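Enquirer: One structure coming up, written as structure tokens, with questions to follow.
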Amino acid sequence: MQIDVIVPTFNRAPVVSKAIESVLKQTYKNFNLYVVDDGSTDNTTEVLEIYKSHSNVHILKQKNFGVSAARNFAVNNSSAPWISFLDSDDEWLPNKLELQIAWLKNNPSIRFLHGEEIWMRNGVRVNPKAKHAKSNENIFERSLDFCLISPSTVMMRRDLFVECGMFDESFIVCEDYDLWLKILIKENIGFTNEKLTIKNGGHDDQLSTKFVAMDYWRIKSLVQLYKNQSNDLSAEKKEQIKNVLLKKSEILLPAYLKHHNHKVYNEVFSMLTSIQLFSAGSQSRS
């Protein structure tokens, strides 16, 4: 099985080498590594220069279009039937690819596999909360609230990635949440409880730290998911989506009013009325 490994990076010169080295140290060697410099303004170019001598390492560069565009750019410039993602602030354990390939060979019908990770925050190991527990149990319903699949643990078929539209480049955050839900609607996915990656958190440039109101993007994703007729959602899944939208709106909309952010309030309210979650006159928008 040949794999293309995709690592997008932006201004992470101090840490990107750890991510790259964790790929190069894999016990499974049949891969090509694509590192996409997403318009970095620090010394990332110099850091990446030393890896150009590796025959299976490809350094790509683009303007700063965001993580979704960077991942898509790498996929479009690669060709292996399997792709695997690694965020540039995370690291793979040495047998990550080997474990996943063994699992997939035993489950040949599965086109998407994710797994467990070790959480580190500011260099200290922490235990995830119960709500973040990884598994495939009720995975679609549980993933509606927030993302339960870490990109750095994912291995998937290229054809599935393309079928589901790749990452939505209009999403500056929650792009993984959005794509995984599109996949979960139509696909039975695999899960291994083996630890595959080290997830490093707590740093200032982490996207989940930089952007507030992540639920704005989750609501946008869920409304699009609901309205896309090609998804052929069951009545049960439609109800599950509406329940989560209602819960999120009850927190987000009052917050927008409290902070006098009427423009975004009206935008979110309009999205929700478009799927009849609210009637047009059910809430004040002033």
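Residue-by-condition table, conditions (1) at pLDDT 95 or above; (2) small (Gly, Ala, Ser); (3) buried (at least 17 other Cβ atoms within 10 Å of the Cβ):
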position	(1), (2), (3)
Gly115	yes, yes, yes
Asn122	no, no, no
Val126	no, no, no
Phe146	no, no, no
Ile149	yes, no, yes
Met155	yes, no, yes
Asp159	yes, no, no
Glu163	yes, no, no
Asp168	yes, no, yes
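Enquirer: Based on what the data block shows, is Ser40 in a loop (DSSP other than H, G, I, E, B) and either in contact (Cβ under 8 Å) with a residue 40 or more places away in the chain or surrounded by fewer than 21 Cβ atoms within 10 Å (Cβ to Cβ) (or both)?
Expert: yes
Enquirer: Right, here's the next one. Report, by residue number, each residue of the stretch 232-274 that is loosely packed, with under 12 Cβ neighbours inside 10 Å and assigned to a loop (DSSP other than H, G, I, E, B).
Expert: Once the filter is applied, which keeps residues that are loosely packed, with under 12 Cβ neighbours inside 10 Å and assigned to a loop (DSSP other than H, G, I, E, B), the stretch 232-274 yields Asp232, Ser234, His259, His260.
Enquirer: Another question, then. Which pairs do you get when a residue that is farther than 9 Å from Val5 by Cβ, found in the stretch 78-91, comes within reach of a residue that is assigned to a loop (DSSP other than H, G, I, E, B) and hydroxyl-bearing (Ser, Thr, Tyr), reach meaning Cβ atoms under 9 angstrom, with the pair 6+ apart or on two chains?
Expert: Asp87/Ser150; Asp90/Ser150
Enquirer: How many residues are surrounded by 19 or more Cβ atoms within 10 Å (Cβ to Cβ), in a helix (DSSP H, G or I) and of a type outside the set (Val, Ile, Thr) if we restrict to the stretch 183-197?
Expert: Number satisfying all stated conditions: 1.
Enquirer: Which condition number in (1) in contact with a strand residue (DSSP E or B) (Cβ under 6 Å, 6 or more places away or on another chain); (2) over 17 Å from Ile185 (Cβ atoms); (3) hydrophobic (A, V, I, L, M, F, W, C); (4) surrounded by 16 or more Cβ atoms within 10 Å (Cβ to Cβ) is the one that Ile110 fails?
Expert: Among (1) in contact with a strand residue (DSSP E or B) (Cβ under 6 Å, 6 or more places away or on another chain); (2) over 17 Å from Ile185 (Cβ atoms); (3) hydrophobic (A, V, I, L, M, F, W, C); (4) surrounded by 16 or more Cβ atoms within 10 Å (Cβ to Cβ), Ile110 violates only (2).
Enquirer: Take the residues in the stretch 6-25 that are part of a loop (DSSP other than H, G, I, E, B) and over 22 Å from the mean Cα position of the chain (by Cα); name whichever of them is farthest from Phe65 (Cα to Cα).
Expert: Lys25
The values are calculated or read from the model by the stated rules, or taken from the named source; none is laboratory data. What you see is a predicted model, and the numbers here were worked out from it, not measured in a lab. Using ideal geometry, Cβ is built from the backbone for each residue, glycine included, and neighbour counts are taken over all protein chains shown.
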